[in-house]
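Trainee: My questions all concern the structure below.
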Amino acid sequence: MARRKEHTHEQIRHMAISAVAEHLQYDSIDNLSLRKVATTIGYVPSTLINIFGSYQYLLLAVSEQTLLQLAAQLQLIKPTTPKQTIEQMALVYSQFALANRRCFRLVFELSMAGDQPLPVAHLGLIKSLFSDVESQLSQYFPSACEQEVETMSRVLWGGIHGLTCLSLDGKLFETQSCLQDMLTSHVSSYIDGMSIKRNSNAAN
């Protein structure tokens, strides 16, 4: 094992984030603390405070890493039609959540101390998920304005996220294949419904 002085701040940062992520693979965030993380990587809590600023910002860094990993998985999707691409995005999203349950929960349950807003950079990572959906919807509904596409993406992805979270909580009583069927049905039904609605409005 390398001595403490042989680790740079960036290496310690990476070690701490990895330690939290590894812990969340088998245990709850409630059973973790800054001291436990520091002990795991062979440092004292004050070292992590110097690097992250607080335990909350360490968790934020783990959340950001999770979002980047999710984004990387979504980027591997090979675009086909807009609808099929969104269906694939929904499946990848749910599969990632099921494989990284506690890290995934951390992303959406983490809040800052004293009701402070999440950092802009962190919110930007979350928003980028919607941007990918918006891009596909813009292709499917070329006449839709930016606000309409944004609203559709929120509603559509809200359903995907809701089904995924219900599955994580064991409240859908379904197999993973059933969840996939639900997700594709949700995407297809919503897009088809919006298409009918928009065509009807255009005809009137």
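The numbers here are math on the coordinates, done by the rules we state, and not lab data. Quick caveat: nothing in here was measured; it's all calculated off a predicted structure. Because the Cβ atoms are built from the backbone with ideal geometry, glycine has one as well, and the counts that use them run over all protein chains shown.
Trainee: Can you list, bin by bin at 5 Å, the percent of alpha carbon pairs in region 45-102, starting at 0?
Mentor: Histogram of Cα-Cα distances, whole percents per bin: 4, 17, 20, 16, 12, 11, 8, 6, 4, 2, 0.
Trainee: Scan the chain and note any complete DSSP helix (H) whose C-alpha atoms cover at least 20 Å along its axis and whose Kyte-Doolittle average is -0.5 or more.
Mentor: Details: long enough: 9-24 (23 Å, -0.07); 55-75 (30 Å, 0.53); 82-99 (25 Å, 0.23); 120-140 (29 Å, 0.32); 146-168 (32 Å, 0.25); 176-203 (40 Å, -0.32).
Once both thresholds are applied, what remains is 9-24, 55-75, 82-99, 120-140, 146-168, 176-203.
Trainee: Quick check: Cα centre of region 137-159 to Cα centre of region 177-198, how many Å?
Mentor: Region 137-159 and region 177-198 have Cα centres separated by 14 Å.
Trainee: Place a +1 charge on the Cβ of each Lys and Arg in region 1-53 and a -1 charge on the Cβ of each Asp and Glu, then give the dipole magnitude about the Cα centre in debye, rounded to the nearest 20.
Mentor: Details: 6 positive and 5 negative charges, 58 e Å.
Computed charge dipole of region 1-53: roughly 280 debye.
Trainee: Mind sorting out which of (i) 54, 32, 26; (ii) 71, 36, 34; (iii) 61, 39, 36 is the real Cα extents along the principal axes in Å computed from the coordinates?
Mentor: Evaluating Cα extents along the principal axes in Å on these atoms matches (ii).
Trainee: What 222 nm value per residue comes from the helices of the chain, counting each DSSP H run with n ≥ 4 as -39,500 (n - 2.57) and dividing by all residues, nearest 500 deg cm²/dmol? Walk me through the numbers before you get to the answer.
Mentor: Details: 9 runs with 152 residues, N = 204.
Computed mean residue ellipticity for the chain: -25000 deg cm²/dmol.
Trainee: Over region 60-203, what is the mean sequence separation of C-alpha contacts under 8 Å (at least six apart), divided by residue count, expressed as relative contact order in percent? Display every interim value, and only then the final one.
Mentor: Working: 92 pairs, mean separation 41.7, N = 144.
After rounding, I find 29 percent.
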